[in-house]
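Participant: Quick one: the structure is below, and I'll ask about it shortly.
Computed from the coordinates by the stated procedures, all read-outs in this text should not be read as laboratory data. All of these numbers come straight from a predicted model, not from anything done at the bench. For neighbour counting, all protein chains shown are included, and Cβ atoms are generated from backbone atoms with ideal geometry for every residue, glycine included.
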Amino acid sequence: MASSSSNLISLKTSDGTVFKVERALAKTMKTVQAIIEEADANIYMIPIHNVFSHHMDMIIDYYKLSVAGKSKEFSVEKLDNDELKDFLLAVHYLNMEDLFEVLTQAVADRLEKKSVGYVRKYFGIENDFTPEEYAAIRKKNDWAFKGDDIEPEEDEEKQEE
Amino acid sequence: MATPTTNVKKMKMVSSNSNYIPDHLSFSILSKLPVKSLKRFSIVRKSWSLLIQNPNFINIFRNNLISNSHPLYGGDGDVSLVLNQFVGTYDWNIYLISGKKFEKKVKLDLPLPFHLPQVGVTPIRVVDSAINGILCIYDCDGVHTTTVLWNPATEEKIVIPPGHAEFQSEFMTQIFPHGFGYDRVGDDYKIIQHVNYYTIDDENHLLHLEDVMPDPFWEIFSLRSNSWRKIDFDMPTIYSIFNSAVYFNGMCHWLGESDTLLVSFKLCNEVYFVTPLPLEDTQYDDDFVVSLTVLNESVAIITNWKNTTSFQISILGEFGVEESWIRLFDVELLSTIERLIGAGEKGNIFFRRDDGELVCFDLTTGLIEEIGIKGERCWCQIAIYKKNPHLIGDKQAISFPANA
């Protein structure tokens with residue numbers, strides 16, 4: 001449906017839901033803003049790939065809180081680590097500065113005590129050190145692996161007698 | 001048009017390329033980690049190991065570090081600074097300073113007995129920092145030490161009873177409070193001090209003679225029990241009087257052994273760590289100044305050669321681990337600084353300039369702001385102060401957040 005009000009922008013998520021959002025909120029999404037500015041005529045509906053309706057729900061929550069000066073109350077506690085990563089990727093795609101900083105800090109907080117093995121899986125990265133290089137750099141930073149609150153490394157657990 | 005998925009699966013839905021995170025996104029996450037995690041994850045892959053040494057990355061990392069609000073003082077704007085200004089042997093003042101340009105200055109009336117003229121040279125000293133709006137002030141008249149807990153907002157004053165030190169005419173007694181802090185577990189304010197006995201030889205050296213004098217010892221004061229208890233630890237004692245001791249988050253820290261070691265004492269369980277400082281051979285020199293402070297949540301040392309224009313800042317990644325010091329800043333100023341006198345919020349650090357002016361250097365902007373007060377020598381101290389309208393010892397007086 002064509003939007004007759006110039007104050008609302010229609011965004012269509014990957015799962016087909018249409019959200020009508022205030023222009024001010026759309027402005028915080030640099031990707032969307034660029035699309036609006038490039039369109040010659042009034043654009044009716046902007047598809048936002050990689051963004052699902054549950055992401056938009058949270059984005060709108062954050063926006064409402066920040067407009068009320070309560071952005072510190074925004075919490076992603078209910079998301080597990082993978083859902084948080086997914087949300088971060090969506091916000092990254094939309095190029096939303098403030099929320100991006102909030103979410104990268106949230107991910108950093110989640111990963112703080114994790115093992116190197118976990119981090120590799122989380123980021124989808126392979127270890128590209130040779131065994132010798134790995135042993136050397138591991139030894140050099142040994143202190144960073146110690147501590148009861150740090151998640152132990154899987155491969156090293158197996159080696160312990 | 002994509003078909004909507006069922007409600008049940010909604011929250012677990014992830015996009016198809018969910019495993020791939022672009023490099024600059026992962027670097028942004030890395031820049032927000034504490035030092036220990038950052039060092040650990042440097043072995044995830046080669047590019048990450050290189051990244052951590054990249055100056056641009058370090059720049060972002062340290063900006064994040066100093067711009068994150070100090071958890072104990074963030075947010076409600078009721079935060080100011082307390083300045084212990086040393087002007088001359090019998091002339092010192094304590095100010096409360098606030099305002100972005102430090103324009104509001106209030107000189108405090110010190111509680112007795114500090115009004116009395118003092119004989120000794122040791123200036124009145126505020127131990128560490130202001131904990132919860134309470135200052136621990138200590139003064140020595142050459143023979144006796146007076147220690148007082150003082151809340152300037154309520155003018156409540158608690159005189160600390162004497163500890164186990166002995167006084168005899170055959171020797172001199174030196175009592176030195178090393179730390180004042182709050183034990184969250186025991187809900188108690190504590191002071192840790194060292195007692196030493198000595199005599200002065202012909203060359204003005206302090207000598208401790210084992211057969212003639214009692215042994216030196218450490219003792220801890222608990223406000224709850226209003227008493228001192230000796231503890232049998234062999235910790236290095238503080239070397240220089242000022243700006244080598246700081247309290248943060250349940251631990252008292254000080255520099256010992258000629259400013260080459262950091263001692264970190266945990267108040268709740270009396271466990272302590274000794275961490276060697278990251279000094280190069282040439283820096284074991286009297287003209288190389290080391291000051292201890294806390295930059296947001298990390299213990300930090302600020303080093304400089306006397307009467308030069310540059311200083312360096314390193315933060316500690318893990319207590320007891322010399323390799324975990326990370327050099328974060330190398331700053332070049334236009335004016336000569338003498339010595340650090342304390343750290344404020346965010347990236348503010350305070351120095352005494354060579355013309356006597358006390359100045360604030362903002363690590364994020366690189367700008368210098370004069371406080372408008374001069375101080376003598378390096379015996380001035382500045383600390384974050386947050387007004388506390390409650391009585392010392394009142395339950396609601398404790399305003400630390402749950403996870404501090």
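Participant: Cα convex hull of region A:32-111: mean projected area in nm², to one decimal?
Facilitator: Working: hull surface 23.3 nm².
Mean projected area of the Cα convex hull: 5.8 nm².
Participant: Can you pull the three principal axis extents for the Cα set of chain A, in Å, largest first?
Facilitator: 71, 33, 24
Participant: Taking the Cα-to-Cβ direction at B:Tyr198 and at B:Thr365 and moving 7 Å from each Cα, how far apart do the two end points lie in nm?
Facilitator: 4.4
Participant: Enter the mean number of other protein chain beta carbons within 10 Å of the beta carbon of each residue in A:78-89, as an integer.
Facilitator: Per residue, the number of nearby Cβ atoms from other chains is 3 on average.
Participant: Which of rounded, prolate or oblate describes region B:248-396 when judged by the alpha-carbon gyration tensor and an a/c cut-off of 1.5? Let's see the in-between values first.
Facilitator: Numbers: a/c = 1.84, a/b = 1.11, b/c = 1.65.
Taking the square roots of the gyration eigenvalues as a ≥ b ≥ c, region B:248-396 is oblate.
Participant: Now, a different point. With a ≥ b ≥ c the root eigenvalues of the C-alpha gyration tensor of region B:134-287, is it rounded (a/c under 1.5), prolate (a/b larger than b/c) or oblate?
Facilitator: oblate
Participant: While we're looking at this one, here's another question. Could you derive backbone 3J(HN,Hα) for region A:10-15 from the dihedral phi with the Karplus parameters 6.51, -1.76 and 1.60 (θ = phi - 60°), listing whole Hz in sequence and x where the residue is Gly or Pro?
Facilitator: Karplus values, whole Hz, x for Gly and Pro: 9, 10, 10, 7, 4, 8.
Participant: Let me ask something else about it. Report, ordered by chain and residue number, the aspartates and glutamates lying within cross-link reach of A:Lys85, taken as a straight Cα distance under 15 Å and ignoring same-chain residues fewer than 8 apart.
Facilitator: Here the aspartates and glutamates satisfying the reach criterion relative to A:Lys85 are A:Glu77, A:Glu101, A:Asp109, A:Glu112, B:Asp23.
Participant: How much FRET efficiency would the formula 1/(1 + (r/R0)^6) give for B:Glu210 and B:Glu270, where r is the Cβ-Cβ distance and R0 is 35 Å, rounded to 0.05?
Facilitator: So the FRET efficiency works out to roughly 0.85.
Participant: What value, in deg cm²/dmol to 500, does the helix sum -39500 (n - 2.57) over DSSP H runs of n ≥ 4 give at 222 nm once divided by the residues of chain A?
Facilitator: -15000 deg cm²/dmol
Participant: Now, a different point. Just tell me how shielded B:131-140 is by partners: mean number of partner chain Cβ atoms within 10 Å of each residue's Cβ, no decimals.
Facilitator: That works out to 0 on average.
Participant: Among B:313-326, A:127-140, what's the highest-first ranking by average C-beta atoms within 10 angstrom per residue?
Facilitator: Packing proxy ranking, top to bottom: B:313-326, A:127-140.
Participant: Using θ = phi - 60° and the Karplus form 6.51 cos²θ - 1.76 cosθ + 1.60, what ³J(HN,Hα) does each residue of region B:286-298 get, whole Hz, x for Gly and Pro?
Facilitator: Per-residue couplings from phi come out as 4, 8, 9, 9, 10, 10, 10, 8, 10, 9, 6, 9, 10 Hz.
Participant: Mind ordering B:100-107, B:180-187, B:57-64 by average Cβ neighbours within 10 Å, highest first? The partial results should precede the final answer.
Facilitator: Working: B:100-107: 12.8, B:180-187: 18.9, B:57-64: 17.0.
By packing density, highest mean first, the sequence is B:180-187, B:57-64, B:100-107.
Participant: Here is a follow-up. Pop out the ³J(HN,Hα) list for region A:54-71 in order, Karplus 6.51 cos²θ - 1.76 cosθ + 1.60 with θ = phi - 60°, rounded to Hz; leave Gly and Pro as x.
Facilitator: 5, 5, 4, 4, 6, 5, 5, 4, 4, 4, 4, 5, 6, 5, 7, x, 10, 4
Participant: Would you list, by chain and number, the aspartates and glutamates whose Cα falls below 13 Å from the Cα of B:Lys157, excluding same-chain residues fewer than 8 positions away?
Facilitator: Result set, ordered by chain and number: B:Asp109.
Participant: Mind checking the mean number of beta-carbon atoms from other chains within 10 Å of the Cβ atoms in A:93-102?
Facilitator: Shielding by partners across A:93-102 averages 1.
Participant: Just want the ordering: A:Leu79, B:Leu255, from fewest to most Cβ atoms lying within 10 Å of their own Cβ.
Facilitator: Working: A:Leu79 19, B:Leu255 23.
Neighbour counts put them in this order, fewest first: A:Leu79, B:Leu255.
Participant: Helix A:131-140 versus the longest principal axis of chain A: what angle, 0 to 90°, nearest 10, using Cα atoms?
Facilitator: So the helix axis and the longest Cα principal axis differ by about 90 degrees.
Participant: Among all the aspartates and glutamates, which ones have a C-alpha under 15 Å from A:Lys20's C-alpha, if same-chain residues fewer than 8 places away are not counted?
Facilitator: Within reach: A:Asp57, A:Asp61.
Participant: What's the ranking of A:66-76, B:221-231 by average number of surrounding C-beta atoms within 10 Å, highest first? Write out the running numbers ahead of the final one.
Facilitator: Details: A:66-76: 12.9, B:221-231: 14.8.
Packing proxy ranking, top to bottom: B:221-231, A:66-76.
Participant: Using only the alpha-carbon atoms, how far is helix A:81-94 inclined from the longest principal axis of chain A? Give it as 0 to 90 degrees, nearest 10.
Facilitator: That works out to roughly 50 degrees.
Participant: Which ordering of B:Cys140, B:Cys380, B:Cys252 is given by a fewest-first count of other beta-carbon atoms within 10 Å? Don't jump to the answer; show the numbers that get you there.
Facilitator: On the way: B:Cys140 21, B:Cys380 28, B:Cys252 24.
Fewest to most other Cβ atoms nearby, the residues stand as B:Cys140, B:Cys252, B:Cys380.
Participant: Using label points projected 7 Å from each Cα along Cα→Cβ, tell me how many nm separate B:Asp286 and A:Glu126, to one decimal.
Facilitator: 6.1
Participant: Once the Cβ-Cβ distance between A:Arg23 and A:Ser75 is put in as r, and R0 is 25 Å, what FRET efficiency do you end up with, to the nearest 0.05? Write down the numbers at each step before the final one.
Facilitator: Details: r = 27 Å, r/R0 = 1.06.
Efficiency computed from Cβ-Cβ geometry: 0.40.
Participant: Give B:Lys101/B:Lys306; B:Lys306/B:Lys346; A:Lys70/B:Lys387; B:Lys107/B:Lys386 a once-over and call out the pairs whose C-alpha atoms are over 22 Å from each other.
Facilitator: Numbers: B:Lys101/B:Lys306 27 Å; B:Lys306/B:Lys346 25 Å; A:Lys70/B:Lys387 24 Å; B:Lys107/B:Lys386 16 Å.
Beyond 22 Å between Cα atoms: B:Lys101/B:Lys306; B:Lys306/B:Lys346; A:Lys70/B:Lys387.
Participant: A further question follows. Can you work out D for region B:323-378 in µm² s⁻¹ from Stokes-Einstein, where Rh is the Kirkwood radius over C-alpha pairs, the temperature is 37 °C and the viscosity is 0.692 mPa s?
Facilitator: Values: Rh = 11.9 Å.
D, rounded to a whole number, is 275 µm²/s.
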